[in-house]
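The values are calculated or read from the model by the stated rules, or taken from the named source; none is laboratory data. Just so it is clear, the model here is predicted, and its values are computed rather than measured. All Cβ positions, even for glycine, are placed from backbone atoms using ideal geometry, and neighbour counts span all protein chains on display.
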Amino acid sequence: MLSMFLLGWRPVRVPIGCAAPFLELCRRAGCPYTHFTCTDEYLSVQMTCAAARRCEAACARACVPAEFGAVRGLPDLGRRMLQRPGVPVGILLGIVLLWLSGRYVWDIRISGVETLSRREVLDTLASCGFSVGTPLRGFAADRLENRVLLEDRRIAWISVNRRGTVAYVQVREAVYPPAPTEPAPANIVASRPGVIERVELTRGNILVAAGQTVDAGQLLVSGLYDSQTVGVRAVCAEAHIYARTTRREVVEIPLRAQARSPSGVAGSDTPAGTEKYLIFFGKSIKFSKRTGNQDVVCDTIEQRLDLTLVPGIGFPVAVRTVWYVPAAQPAGYTRTPAEAEALAYLELSRRIAAIPGGAELLSKTVCPILTEDAFILDVTLTCVEDIALSVPIRVDG
């Protein structure tokens, strides 16, 4: 049966009245047959292609009415496959893939990560020469583990175990000791000039009092203690020094502004170009490219799609798509004085809210100025704010 499939066979059918002459003809011509079946109308057998050729010639000479069917078996299957080139190409690719399956890394599975992401660990392994598509020949887990520990200080321990074509990576992240709780010795100086309103001392030697005028950088609280028993001791001075200060803010809003729109055309988000790559066993193959206007400055957006046959099981094939989107280009427009004034007061409110130390605004003097190019607010602020600034103490020797 297997030999008939490999060599090819043909069905033969003769009328039941010619069965005896046909069988005698097969005996004389040496044409073996199988699958002998007989009905009320026909006698049917199967012969190899070589036997069918001899039998067909003998039947023609003896005028026996025999019907020989088309060739079947492996020759017929090969002929039909040649008519569909995708089938042999797919079989060839399957054979190549089967040959590659035991020689390269198909998947990397990572466990034990907490703060690190899986992609960060994969990038570290790739920088050490190990990724999907890496040949397994010459693979040494101990050398790879040592290189990873030297490459990424965030990893304290790593184990790489290979089972077939899958690499199982176990990671333990480095745990750093907590920062010291004892603050370094420091003094407190004035961050800006003003008149002291009140003092809230936590630690240190206070050197100023309420009502005193101080300059920027003046020492307010000392972190040094002088004792006859232990000598000079340095601590971190802590205090809130509230003073009445005067600030001058100049807010300038240009009347000629610039807005940004993609390639100078508002609302244009059509990519100027697209490239697609097939990543097969770590090798990148470009199979699609569409270019647009080459003179446009573009931003690059990348996306990687990992293909899988079974969910949760890695497959060494991925598709990477790169879009080139036109970058935003400046486009000018003119503000009205009313718009510029509204923006100026909005910026002034933001600056007042950003004053450190929980400032309390006492008074505000605003001088608006409109020029040909800008709207300007010249503002003088009087407020009470915390002017304490911690400065580390330098210890020589």
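What the table shows:
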| read-out | value |
| --- | --- |
| Matching strands (runs of 3 or more DSSP E) fully within the range 137-200 where at least 3 residues are of a type outside the set (A, V, I, L, M, F, W, C) | 155-163, 166-173 |
| Any hit, the range 87-94, residues being in contact with a Phe, Trp or Tyr (Cβ under 9 Å, 6 or more places away or on another chain) and not acidic (Asp, Glu) | no |
| Among the residues listed as Arg119, Arg163, Arg147, Arg154, the single one being farther than 30 Å from Thr382 by Cβ and in contact (Cβ under 8 Å) with a residue 24 or more places away in the chain | Arg154 |
| Complete set of residues in the range 33-49 that are hydroxyl-bearing (Ser, Thr, Tyr), assigned to a loop (DSSP other than H, G, I, E, B) and surrounded by fewer than 11 Cβ atoms within 10 Å (Cβ to Cβ) | Thr39 |
| Tally, over the range 109-139, of residues that are more than 25 Å from Val175 (Cα to Cα), surrounded by 13 or more Cβ atoms within 10 Å (Cβ to Cβ) and of a type in the set (D, E, K, R) | 0 |
| Conditions (1) touching an Asp or Glu at 6+ places or on another chain (Cβ under 9 Å); (2) closer than 28 Å to Leu6 by Cα; (3) surrounded by 15 or more Cβ atoms within 10 Å (Cβ to Cβ); number of the one not met by Ala70 | (3) |
| Only one of Arg162, Arg154 that is of a type in the set (Lys, Arg), within 16 Å of Arg109 (Cα to Cα), surrounded by 11 or more Cβ atoms within 10 Å (Cβ to Cβ) and in contact with a Leu (Cβ under 8 Å, 6 or more places away or on another chain) | Arg162 |
| Positions within the range 353-368 being of a type in the set (A, V, I, L, M, F, W, C), at pLDDT 90 or above and exposed (fewer than 12 other Cβ atoms within 10 Å of the Cβ), in sequence order | Cys367 |
| Counted residues, the range 113-150 - those being among the basic types (Lys, Arg) and at positive phi | 0 |
| Pairs, first touching a residue at least 12 places away in the same chain (Cβ under 8 Å) and closer than 16 Å to Met47 by Cβ in the range 1-20, second part of a strand (DSSP E or B) and among the acidic types (Asp, Glu), C-beta under 6 Å, six or more apart | Arg13/Glu67 |
| Inter-residue pairs, beta-carbon under 9 Å, first modelled with pLDDT under 85 and in the range 303-324, second surrounded by fewer than 11 Cβ atoms within 10 Å (Cβ to Cβ) and among the β-branched types (Val, Ile, Thr), 6+ apart | Tyr324/Thr291 |
| Residues of the range 46-81 classified as on the phi > 0 side of the Ramachandran plot and without any contact (Cβ under 8 Å) to a residue 24 or more places away in the chain, total | 1 |
| Of the criteria (1) in a helix (DSSP H, G or I); (2) within 16 Å of Ile279 (Cβ to Cβ); (3) among the polar types (S, T, N, Q), which one Ser131 fails | (1) |
| Residue selected from the range 214-242 under the condition hydroxyl-bearing (Ser, Thr, Tyr) and either in contact with a Pro (Cβ under 6 Å, 6 or more places away or on another chain) or without any contact (Cβ under 8 Å) to a residue 12 or more places away in the chain (or both), by the criterion farthest from Glu200 (Cα to Cα) | Thr229 |
| Counted residues, the range 50-74 - those being over 30 Å from Pro88 (Cα atoms), assigned to a helix (DSSP H, G or I) and out of contact with any Gly (no Cβ under 9 Å at 6 or more places or on another chain) | 8 |
| Contacts under 6 angstrom Cβ, first residue in the range 22-45 being on the phi > 0 side of the Ramachandran plot, partner surrounded by 10 or more Cβ atoms within 10 Å (Cβ to Cβ) and not small (Gly, Ala, Ser), 6 or more apart | His35/Gln46 |
| The range 339-384 - residue that is in contact (Cβ under 8 Å) with a residue 24 or more places away in the chain, of a type in the set (D, E, K, R) and assigned to a strand (DSSP E or B) and, of those, nearest to Ala210 (Cα to Cα) | Glu360 |
